[in-house]
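**Student:** I have a structure I would like to understand better, so I am pasting it below and will then ask my questions one at a time.
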Amino acid sequence: MAYKLADLGNLFRNQLYAILTGGDGSVPPAKNSFITWCMPGLPYEPADFRFAAEGIASGRDVAEQRLLLQQAYNFASLIDYIPDVTSAYSTERQEGVWRNASGARLSEIYGQILKFSLVIDDQLTDEQKKRLERMRGLLRVSKTVKDIITEEEKQVTEDSPMQKAYKAGMQAYTQAAMAYNAKRTAAQTATGEAGMQAVADWSNNAELYRMQVAAAMDDWTTSGYKNEVEQIHAYIDQTTEKSMLLWKRNLESFYDMGTLTGASGPGQRFFYTTVVPGDFATASGWPEYSVYHSQVDSHQHSENTSWSAGGGFGFGFWSANAGVSSQSAEYDSNYAVDDFSMTFKLAQVQIVRPWFYPEFLENRGWDLRKGHGWNYDQMPSDGGTPPQGRFIGYPLQAIFVKDVTIRSASFASALHTYDSSFSASASVGFGPFRARGSYSHQESDRRYHFENDGTTIRIPGMQIIGFVNHLLGKTPNLLDGIDPGSLV
């Protein structure tokens, strides 16, 4: 039986949603989150994340230090965007999702919100101020770094050891939850001989996978300071609802300290951003997942995010970079293949911005006023379904895949013909996967090309195929009972 590329793409999309966002009692669906995809993917090499694994100040000489700074600049620039829900699920505009169609930078809009927000200022006691500062100090610390261009020292802020342990525990729990969701989804969509192993695995080991999720949660709680960090956030939120002025001043200071200068000089000003775990690119143990054609006929159990946009979006189409067009219209989403199986390894890593405090955005003790610094037509978010505004959410996790292998003679033939219709410089892919193209993440260009032996396609290396974004509610959302005239 032949299967359309659109059906195979939708199957893959549904499975990724189930793996990444959860969906049962043991791992409930993620609330206030949605996924945006890259079309095609964004290739990386493990060496591109040396800055995250080793730190930006770990260079042994000036050349190595410049390289680490350039890596940090490239990654920070890549994800300094605000998700656009109007393009997140549109095949026509999907390629621009990670860049954000509006061009707005997260760091810039967040900085304007801090600068122009009006906050409540009921005076805190000296004891409350002292405790508040101590609580904040448990989450962030400052350190001195040297600017390699000016050779001047400056203060930057980063996560404290407690906050790092919290995020590492969150990452471990996320990985355990992904593995659980993958096994559950594989069993639910299993069919034929290929699915027998998945069903047997789930039948025999489901409780073990649940135990791994529970153990990861327990470890996050005991070693990752889960309760303590969340209690600190709760105290800060409760206290600053009385007076946010001091907190806002500190956040503005942390924001200013978050800027670094890239290796090319003052024109490369950026806000330092990294990932947890920093060594994910070279770490072993990336979970492997699979999709095969007969699953299309099985019952699909899929979960949606907390809002319903994107129901019609699928991966069953070819993709190419902007500005190029194919000379062949033969292969589209309705093209059918007789056989298809795909395996790949997947990692979901936490994005860390030490200068960014989303807790402020979700606090209800502040407001913005049009024409008083805030000169946009829209507020950050109206909290709608889907939301509208200048800052409806932010990228929270990056989705990496590597070692993609597709086994299908008919698919291999189609990809070869489609690929041949483009120039050698074009980037070509299928769904969120980039198969070939040129790219640059440091100071030199590199080529990226799939291997096709007529029956098997191998896509080398790793690439970002999408982002899991956190969705903000109504922002700002001044607490009932607070007099807007009392804000300063």
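The values are calculated or read from the model by the stated rules, or taken from the named source; none is laboratory data. Just so it is clear, the structure is predicted and the values come from calculations on it, not from any experiment. Cβ sites come from the backbone with ideal geometry, for glycine too, and all protein chains shown count toward neighbours.
**Student:** Could you check how many residues of the stretch 337-369 are over 29 Å from His233 (Cα atoms) and more than 26 Å from the chain's Cα centre (by Cα)? Even if it seems obvious, please write down each step before you answer.
**Tutor:** Of the residues in the stretch 337-369, the ones over 29 Å from His233 (Cα atoms) are 337-346.
This time we only want the ones that are more than 26 Å from the chain's Cα centre (by Cα), so: 337-341.
Going through the stretch 337-369 one residue at a time, the tally reaches 5.
**Student:** Here's something else I'd like to know. Could you list, ordered by first residue, the pairs with Cβ atoms under 9 Å in which the first is in the stretch 221-235 and charged (D, E, K, R) and the second is not in a helix (DSSP H, G or I), at least 6 apart or interchain?
**Tutor:** Partner pairs satisfying both residue conditions: Glu228/Leu138.
**Student:** Given (1) without any contact (Cβ under 8 Å) to a residue 40 or more places away in the chain; (2) touching a Phe, Trp or Tyr at 6+ places or on another chain (Cβ under 8 Å), where does Tyr376 come up short, assuming only one miss?
**Tutor:** Here Tyr376 meets the rest and fails (2).
**Student:** Being surrounded by fewer than 19 Cβ atoms within 10 Å (Cβ to Cβ) and over 30 Å from Ala47 (Cα atoms) narrows it down to one residue among Gly389, Gly365, Gly371; which is it?
**Tutor:** On the way: Gly389 fails: surrounded by fewer than 19 Cβ atoms within 10 Å (Cβ to Cβ); Gly365 fails: surrounded by fewer than 19 Cβ atoms within 10 Å (Cβ to Cβ).
Every option except Gly371 fails the conditions.
**Student:** Looking at the stretch 85-107, can you tell me whether even one residue there is at pLDDT 85 or above, surrounded by fewer than 19 Cβ atoms within 10 Å (Cβ to Cβ) and outside any loop (DSSP other than H, G, I, E, B)?
**Tutor:** The first filter runs over the stretch 85-107 and keeps only residues at pLDDT 85 or above, leaving 105-107.
Checking the rest, the ones that are also surrounded by fewer than 19 Cβ atoms within 10 Å (Cβ to Cβ) come to 105.
With the extra rule that they be outside any loop (DSSP other than H, G, I, E, B), the set shrinks to none.
No, there is no match, as no residue in the stretch 85-107 is at pLDDT 85 or above, surrounded by fewer than 19 Cβ atoms within 10 Å (Cβ to Cβ) and outside any loop (DSSP other than H, G, I, E, B).
**Student:** Within the stretch 215-256, track down each residue that is among the basic types (Lys, Arg) and either surrounded by 17 or more Cβ atoms within 10 Å (Cβ to Cβ) or closer than 21 Å to Ser26 by Cβ (or both). Steps first, answer last, please.
**Tutor:** As a first pass, look at the stretch 215-256 and keep what is among the basic types (Lys, Arg): 226, 242, 248-249.
Once the filter is applied, which keeps residues that are among the basic types (Lys, Arg) and either surrounded by 17 or more Cβ atoms within 10 Å (Cβ to Cβ) or closer than 21 Å to Ser26 by Cβ (or both), the stretch 215-256 yields Lys226, Lys248.
**Student:** May I ask you to list the residues in the stretch 2-27 that are part of a helix (DSSP H, G or I), surrounded by fewer than 22 Cβ atoms within 10 Å (Cβ to Cβ) and of a type in the set (Gly, Ala, Ser)?
**Tutor:** Ala6, Gly9
**Student:** Right, here's the next one. Could you tell me whether the stretch 174-188 includes any residue that is farther than 25 Å from Thr259 by Cβ, modelled with pLDDT under 75 and surrounded by fewer than 15 Cβ atoms within 10 Å (Cβ to Cβ)?
**Tutor:** So far as the stretch 174-188 goes, no, none of its residues is farther than 25 Å from Thr259 by Cβ, modelled with pLDDT under 75 and surrounded by fewer than 15 Cβ atoms within 10 Å (Cβ to Cβ).
**Student:** Out of all the residues in the stretch 125-173, which are without any contact (Cβ under 8 Å) to a residue 60 or more places away in the chain, assigned to a loop (DSSP other than H, G, I, E, B) and loosely packed, with under 15 Cβ neighbours inside 10 Å?
**Tutor:** Correct list: Thr125, Glu151, Glu152.
**Student:** So Met211 passes all but one of these: (1) hydrophobic (A, V, I, L, M, F, W, C); (2) modelled with pLDDT of 85 or more; (3) not in a helix (DSSP H, G or I). Which condition number does it fail?
**Tutor:** Exception for Met211: condition (3).
**Student:** Still on this model: Tell me, which residue of the stretch 270-300 that is in a loop (DSSP other than H, G, I, E, B), surrounded by 15 or more Cβ atoms within 10 Å (Cβ to Cβ) and not polar (S, T, N, Q) is modelled with the lowest pLDDT?
**Tutor:** Checked the stretch 270-300; the qualifying residue modelled with the lowest pLDDT is Pro287.
**Student:** Among the residues of the stretch 424-436, are any under 28 Å from Leu68 (Cβ atoms), modelled with pLDDT under 80 and in a strand (DSSP E or B)?
**Tutor:** No: zero hits.
**Student:** Related question: Please indicate, with yes or no, whether at least one residue in the stretch 372-382 is more than 22 Å from the chain's Cα centre (by Cα), of a type outside the set (Ser, Thr, Tyr), in a strand (DSSP E or B) and under 30 Å from Thr475 (Cβ atoms).
**Tutor:** yes
**Student:** Counting only residues that are loosely packed, with under 15 Cβ neighbours inside 10 Å and outside any helix (DSSP H, G or I), which one in the stretch 257-269 is modelled with the lowest pLDDT?
**Tutor:** First, pick out the residues of the stretch 257-269 that are loosely packed, with under 15 Cβ neighbours inside 10 Å: 264-267, 269.
Still in the running and outside any helix (DSSP H, G or I): 264-265, 269.
Working: Ser264: 69, Gly265: 64, Arg269: 85.
Once the filter is applied, the top-ranked residue is Gly265.
**Student:** Follow-up question, since we're still on this one. I'd like the full set of residues that are part of a loop (DSSP other than H, G, I, E, B) and either within 15 Å of Gln348 (Cβ to Cβ) or modelled with pLDDT under 80 (or both), limited to the stretch 28-59.
**Tutor:** Taking the stretch 28-59 as the starting set, the residues that turn out to be part of a loop (DSSP other than H, G, I, E, B) are 28-32, 45, 55-59.
Pro28, Pro29, Ala30, Lys31, Asn32, Ala57, Ser58, Gly59, listed by residue number.
**Student:** For the stretch 334-369, which positions are closer than 20 Å to Leu415 by Cβ and outside any strand (DSSP E or B)? Don't jump to the end; show me each part of the working.
**Tutor:** Step one: of the stretch 334-369, the residues closer than 20 Å to Leu415 by Cβ are 334-344.
Matches in the stretch 334-369: Asn334, Tyr335, Asp338, Asp339, Phe340.
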